[in-house]
Ligand SMILES: [Fe+2]
C-alpha cells in the first residue's frame, strides 16, 4: 500500500470535491404530500420570488441599521435591527417551505438579487426619511405580491403556503410597516403653542 492510499483510507477528509448539480433550480421533486406537481411548481415559483424580495428587505434593514443617523439614532438603530431579525426568520420559513414542496430555495444573495422586485439602493447614505421610505416601499412590494400569491395558492389547495404567507409574511410585514410609518409623521419632540409663554420659575437673586 502506498503512503497516499494509507493516508486516504484513514480519517483524512476528502477535500476539494467537485460534483454535478443534482437538482436544477426551478424544478420540483415528487414528495408524498398530496399536492399536484403543478401546484407545487407554481408555489415554489411564487415563494422563491418572495424569498428573494425578503432577502433584499433583510439586507436593507441591516444597511439602514448601520447607516442610521440623527437625534433618534439609537431608537431607530435598535428598531431596524429588530425588524431585520424578524425578516431573517421569514427568509428561513419561506426557504424551508420551498424545500418541503420539493423545490430548490433561492440561497445565494447574487441569485436573489437577479430575481427580486425590490430596487437596489445607492451604495452610499440617503437622508433618514428616504431610508425609511425605501423600507416602506419594499414592504409594500412584498405585501402586494404575498396577498396575490396567498389567494392563488389557496385556490390550488396549498393551504400550508397560504398560511405561511398570511400569518408571517403579510401580518408581520404590515406590523413592521406601521412601526416605520409612524417615524415619518412630523411631530417635533418639543413645540411651544404660538401664544404660550414658557413657564419658568422666577430666578431669585
Ligand atoms: Fe448591529
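Computed from the coordinates by the stated procedures, all read-outs in this text should not be read as laboratory data. Just so we're clear, the structure is a prediction, and the values are computed from it rather than from any experiment. No Cβ is skipped: glycine too gets one built from the backbone with ideal geometry, and neighbour counts run over all protein chains shown.
Relative to the compact globular guide of 2.2 N^0.38 Å, what is the alpha carbon radius of gyration of segment 1-105, as a ratio? Intermediate values should be presented prior to the final figure.
Numbers: Rg = 21.6 Å, N = 105, 2.2 N^0.38 = 12.9 Å.
Compared with the compact-globule rule of thumb, segment 1-105 sits at 1.68.
Can you tell me which of 98, 190, 125 moves the most in a GNM of the chain? Springs connect C-alpha atoms under 10 Å apart.
Sorting by GNM fluctuation, first place goes to 190.
Take the Cβ-Cβ distance between residue 152 and residue 183 as r, set R0 to 41 Å, and report the resulting FRET efficiency rounded to the nearest 0.05.
It comes out at approximately 0.75.
Return one number: the angle in degrees, 0 to 90 and rounded to the nearest 10, between the long axis of the Cα atoms of helix 73-100 and the longest principal axis of the Cα atoms of the chain.
With rounding to tens, the tilt is 20 degrees.
Nearest 500 deg cm²/dmol is fine: what mean residue ellipticity at 222 nm does the chain get from its DSSP H runs of n ≥ 4 alone, each adding -39,500 (n - 2.57), divided by its residue count?
Helix-only estimate at 222 nm: -19500 deg cm²/dmol.
Round to the nearest 10 and give me the degree value, 0 to 90, for the angle of helix 37-67's Cα axis relative to the longest principal axis of the chain.
Between the helix axis and the principal axis of the chain, the angle is about 40 degrees.
If a/c stays under 1.5 just call it rounded; otherwise compare a/b with b/c (prolate if a/b is bigger, oblate if not). Do that for segment 51-129, with a ≥ b ≥ c from the square roots of the Cα gyration tensor eigenvalues.
Verdict is oblate for segment 51-129.
Hey, what angle do you get for helix 171-181 against the long axis of the chain, alpha-carbon based, 0 to 90 degrees rounded to 10?
For helix 171-181, the angle is close to 30 degrees.
With viscosity set to 1.567 mPa s at 4 °C, what whole-number translational diffusion coefficient in µm²/s follows for segment 113-159 from Stokes-Einstein and a Kirkwood radius over Cα pairs?
Translational D for this selection: 102 µm²/s.
Using 1/(1 + (r/R0)^6) with R0 = 25 angstrom and r between the beta carbons of residue 113 and residue 133, what's the FRET efficiency to the nearest 0.05?
Result of the calculation: an efficiency of 0.75.
Could I have the simple spin-label model distance between residue 37 and residue 190, label points 7 Å from Cα toward Cβ, reported in nm to one decimal?
Inter-label distance under the simple model: 7.1 nm.
Based on a Kirkwood Rh over C-alpha pairs, give the Stokes-Einstein translational diffusion coefficient of the chain at 37 °C and viscosity 0.692 mPa s in µm²/s.
Rounded, D is 162 µm²/s.
Just order 99-106, 170-177 by mean Cβ neighbour count inside 10 Å, highest at the front, would you?
99-106, 170-177
Once you've got the GNM for the chain with C-alpha springs shorter than 10 Å, pick whichever of 133, 117, 11 has the biggest mean-square fluctuation.
Comparing 133, 117, 11 in the GNM, the peak value goes to 11.
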